[in-house]
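The next block holds one structure in the form of structure tokens; read it before the comments.
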Amino acid sequence: MDLKEESYKLNKEIPIPLYYQIKRIILNDLSSGKLKEGDALPTETEFCDSLQVSRPTVRQALNELVAEGVLMRRKKSGTFVAQPKIELPVNLSVEDLKRHIENTGRDCKVEILDFCVIDGADEVNNKLRLHMKEDLIYLKRMWLAGGTPVAYTAAYLAAGRFGAMMDSDFTDINLPDYLECHFGLHVTKRETRVDSTLASKFDLELLQINRTRASLLCVNEVAKAGDEPVFCSVTRYRGDKVSMAYSL
């Protein structure tokens, strides 16, 4: 990226913020193929000197592209073009995430973060149509693409009914497939809600996000066999690593 080229000049006579013009320059280079995954960007000082703008202007442009997952920073190394986001169909269940990631040519690993029986929780038990005091199975897992955490999920099931699953290893088992194979329950419906939320301090640490603010896609789901709720889950996806798309 040679900032001395004429195409990298900013227009200070138009009402488009300079930081946004810098963003467009970088995005245009990505679209045209001038910049590719892994390429290093000029330093903030080089941007300032070549484009005759202030450091805060350059930093705002780069920070936004990092937050959007277009760029990434490596400590003591600089700013680089990030790997493209994982694009998920909006109706994809987290249980199919590993297969989907592997189909994009990336390695995917699932880690068990917690797997235990917990006391009933009003909101969860209501969703599963259970008595308020009925215990729950709590299954918490992390999905890593190429070694980088991209999502984690917490699934809840009735402990009294599904206690036998505690002896299974869910690092490579699809939960709906397991329930169909071992309990004869075929998940036919998923009630899903997707929200955008800011990552908590816990989320930042767990997902290894090196920023104080980051957006997450939060997916709440209730899986049903017919009209009967079987399990519910809450999944948080890194907004800088994952996007969701649908087609009409």
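Here are some notes:
- The set of residues in the range 155-173 that are open to solvent by 10 Å² or more (accessible area, probe 1.4 Å), under 21 Å from the mean Cα position of the chain (by Cα) and at pLDDT 90 or above comprises Tyr156, Thr171.
- Residues within the range 109-137 that are open to solvent by 40 Å² or more (accessible area, probe 1.4 Å) and either in contact (Cβ under 8 Å) with a residue 60 or more places away in the chain or closer than 30 Å to Lys85 by Cα (or both), tallied: 8
- Failed item in (1) touching a helix residue (DSSP H, G or I) at 6+ places or on another chain (Cβ under 8 Å); (2) farther than 25 Å from Gly239 by Cβ; (3) part of a strand (DSSP E or B), with Cys116 passing the rest: (1)
- Residue ID - least open to solvent (accessible area, probe 1.4 Å), chosen from residues in the range 192-222 that are within 21 Å of Arg99 (Cα to Cα) and free of Cβ contacts under 8 Å to residues at least 60 places away in the same chain: Leu207
- Cβ pairs under 8 Å, 6+ apart, first in the range 8-25 and free of Cβ contacts under 8 Å to residues at least 60 places away in the same chain, second open to solvent by 50 Å² or more (accessible area, probe 1.4 Å) and among the acidic types (Asp, Glu): Tyr8/Asp2; Tyr19/Glu64; Lys23/Glu64
- Cβ pairs under 6 Å, 6+ apart, first in the range 138-157 and touching a residue at least 12 places away in the same chain (Cβ under 8 Å), second of a type in the set (D, E, K, R) and not in a strand (DSSP E or B): Ala145/Arg106; Gly146/Arg106; Gly146/Asp107; Val150/Lys241
- Residues located in the range 78-98, provided they are farther than 29 Å from Tyr178 by Cα and either at pLDDT 85 or above or among the charged types (D, E, K, R) (or both): Gly78, Thr79, Phe80, Val81, Lys85
- Total residues in the range 226-236, condition of a type in the set (A, V, I, L, M, F, W, C) and open to solvent by 20 Å² or more (accessible area, probe 1.4 Å): 1
- Residue in the range 171-185 that is of a type in the set (Gly, Ala, Ser) and either free of Cβ contacts under 8 Å to residues at least 60 places away in the same chain or under 18 Å from Leu113 (Cβ atoms) (or both) present: yes
- Of the residues making up the range 41-93, those that are assigned to a loop (DSSP other than H, G, I, E, B), touching a strand residue (DSSP E or B) at 6+ places or on another chain (Cβ under 7 Å), of a type outside the set (S, T, N, Q) and over 18 Å from Gln208 (Cα atoms) are Leu41, Val90.
- Screening the range 1-17 for residues that are of a type in the set (A, V, I, L, M, F, W, C) and either modelled with pLDDT under 85 or at positive phi (or both) and picking the one that is most open to solvent (accessible area, probe 1.4 Å) gives Met1.
The values are calculated or read from the model by the stated rules, or taken from the named source; none is laboratory data. Only a predicted model underlies this, so the values are computations on that prediction, with no experimental measurement involved. Cβ coordinates were reconstructed from backbone atoms using ideal geometry, including for glycine residues, and neighbour counts include every protein chain displayed. SASA here: full protein model, heavy atoms, side chains in, ligands and nucleic acids out. Shrake-Rupley method; radii C 1.70, N 1.55, O 1.52, S 1.80 Å.
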